[in-house]
1. Open to solvent by 20 Å² or more (accessible area, probe 1.4 Å) and either closer than 19 Å to residue 17 by Cα or outside any strand (DSSP E or B) (or both): is that true of residue 80 in this structure?
2. I need a count of the residues in the stretch 107-119 that are buried (at least 16 other Cβ atoms within 10 Å of the Cβ) and farther than 19 Å from residue 63 by Cβ.
3. Yes or no: the stretch 46-58 includes at least one residue that is in a loop (DSSP other than H, G, I, E, B), open to solvent by 60 Å² or more (accessible area, probe 1.4 Å), in contact with a helix residue (DSSP H, G or I) (Cβ under 6 Å, 6 or more places away or on another chain) and at pLDDT below 95.
4. Does residue 211 qualify as being over 22 Å from residue 306 (Cα atoms), modelled with pLDDT of 95 or more and out of contact with any Ser or Thr (no Cβ under 6 Å at 6 or more places or on another chain)?
5. Specify the residue that is modelled with the lowest pLDDT; the eligible residues are those in the stretch 1-45 that are assigned to a loop (DSSP other than H, G, I, E, B) and of a type in the set (A, V, I, L, M, F, W, C).
6. Filter the stretch 130-178 down to residues that are of a type in the set (Gly, Ala, Ser) and assigned to a helix (DSSP H, G or I) and give me whichever is surrounded by the most Cβ atoms within 10 Å (Cβ to Cβ).
7. Scanning the stretch 318-352 for residues that are touching a Lys or Arg at 6+ places or on another chain (Cβ under 8 Å) and open to solvent by 50 Å² or more (accessible area, probe 1.4 Å), which turns out nearest to residue 37 (Cα to Cα)?
Amino acid sequence: MKVKALVAHEATQPLVSGNITLRPLQKQDVNIEILYCGVCHSDLHMARNEWGVSRYPLVPGHEIVGRVVATGSNVDRLRPGDIVGVGVMVDSCRECHFCQQQEEQYCEAGFTATYNGIDKVTGESTWGGYAQNVIVDQHFVVKVPQNLHLAGVAPLLCAGVTVWSPLRHFNVKAGDRVGVVGLGGLGHMAVKLASALGAEVTLFTTSPEKGADAKKLGAKRVVVSRDAAQMAEVQSSLDIIIDCVAAPHDLNPLLATLKTNGRLVLVGIPDSPHLSPDITPMVFRRLSISGSSIGSIKETQEMLDFCGTHNITADIELITGNEVEQAFSRMLKGDVRYRFVIDMQGTRWSAS
């Protein structure tokens, strides 16, 4: 099946409209007409080969919301017309301990990425969501609550579940004190979700002007992390911190804000390592530093259902595919609140 897509042909060139060929529909597959696709910062990294793993041609996009238009003969969960989502992964080994425990994101063989992965059926690269359609095994497709604004759902498939997973894994509950570092695509979702869980949220930011937004999103307190006095006021006050910043920074001031037995969870991946933290306070106050990677299919569905109940979506700026390069440029400047989402139906495709 040939469809139109936004294609990166090399690291130094902009994405252009072109044709790609999707794999034939397998028995367990669904064909999804893409309505919206979020623009994750990793899309920019991959389009520009900044991680050195990109294979061209490449179609980015792993925050996909669309409508099922066809199903394989063995599909029993979905039917044409269903509104669904696809996130960061579209396959895994299905056999290892983690897959059997419904934690496919930690698959011992490595999950198949939605784009720039190796399709197990064709042996070729997987194609992402900057396209008219995508074909995905039903196991890796989630249902979208009907009451939610669909464009605002798209970033939940990556940014949302990436912060939801540690909140649930570490059993954050009503009354807990949660810190969130950074108010970007992930951070603003962490504030919304932790607040909806009943936690008291403190946002750490280097940008004082984001304080008003943070409180509108649900934060009770905003701390400018470069202000030593403000940091001192929240020492030993938090149960857990979700650190969403993907740039190297000093973790010691954040560790100082945790209670004994507190935990700092890193979900942002910096392009160079953080400074090694001071071990002494970690030992004497039994502090922990953890990492967390995206979320499982089960967690993604759970998160969407929770968002449906609480009417939570991402704060977005809607663009067309024709504006994606401008969006990339603005992302580099931090000029987005808080996620770009591509309207695929409004995108003008080339005639070729």
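The values are calculated or read from the model by the stated rules, or taken from the named source; none is laboratory data. Just so we're clear, the structure is a prediction, and the values are computed from it rather than from any experiment. Heads up, the Cβs are rebuilt from the backbone with ideal geometry, glycines too, and the neighbour counts pull from every protein chain shown. Heads up: the accessible areas ignore ligands, DNA and RNA and are worked out on the full protein's heavy atoms, side chains in. Shrake-Rupley method; radii C 1.70, N 1.55, O 1.52, S 1.80 Å.
1. On the way: open to solvent by 20 Å² or more (accessible area, probe 1.4 Å): yes; either closer than 19 Å to residue 17 by Cα or outside any strand (DSSP E or B) (or both): yes.
Judged against the criteria, residue 80 is a match.
2. Pass one, the stretch 107-119, residues buried (at least 16 other Cβ atoms within 10 Å of the Cβ): 107, 111-117, 119.
Remaining after also requiring farther than 19 Å from residue 63 by Cβ: 107, 119.
Of the residues in that region, 2 qualify.
3. yes
4. no
5. My answer is 1.
6. Of the residues in the stretch 130-178, the ones of a type in the set (Gly, Ala, Ser) are 131, 151-152, 154, 159-160, 165, 174-175.
Adding the requirement that they be assigned to a helix (DSSP H, G or I) leaves 151-152, 154, 159-160, 165.
Values: 151: 21, 152: 20, 154: 37, 159: 28, 160: 33, 165: 23.
Within the stretch 130-178, the match that is surrounded by the most Cβ atoms within 10 Å (Cβ to Cβ) is 154.
7. It comes out as 322.
So that you can scan it fast, the table gives a plain yes or no per residue for (1) open to solvent by less than 30 Å² (accessible area, probe 1.4 Å); (2) closer than 15 Å to residue 166 by Cα:
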{"position": "264", "(1), (2)": "yes, yes"}
{"position": "268", "(1), (2)": "yes, yes"}
{"position": "287", "(1), (2)": "yes, no"}
{"position": "292", "(1), (2)": "yes, yes"}
{"position": "297", "(1), (2)": "yes, yes"}
{"position": "308", "(1), (2)": "yes, no"}
{"position": "316", "(1), (2)": "no, no"}
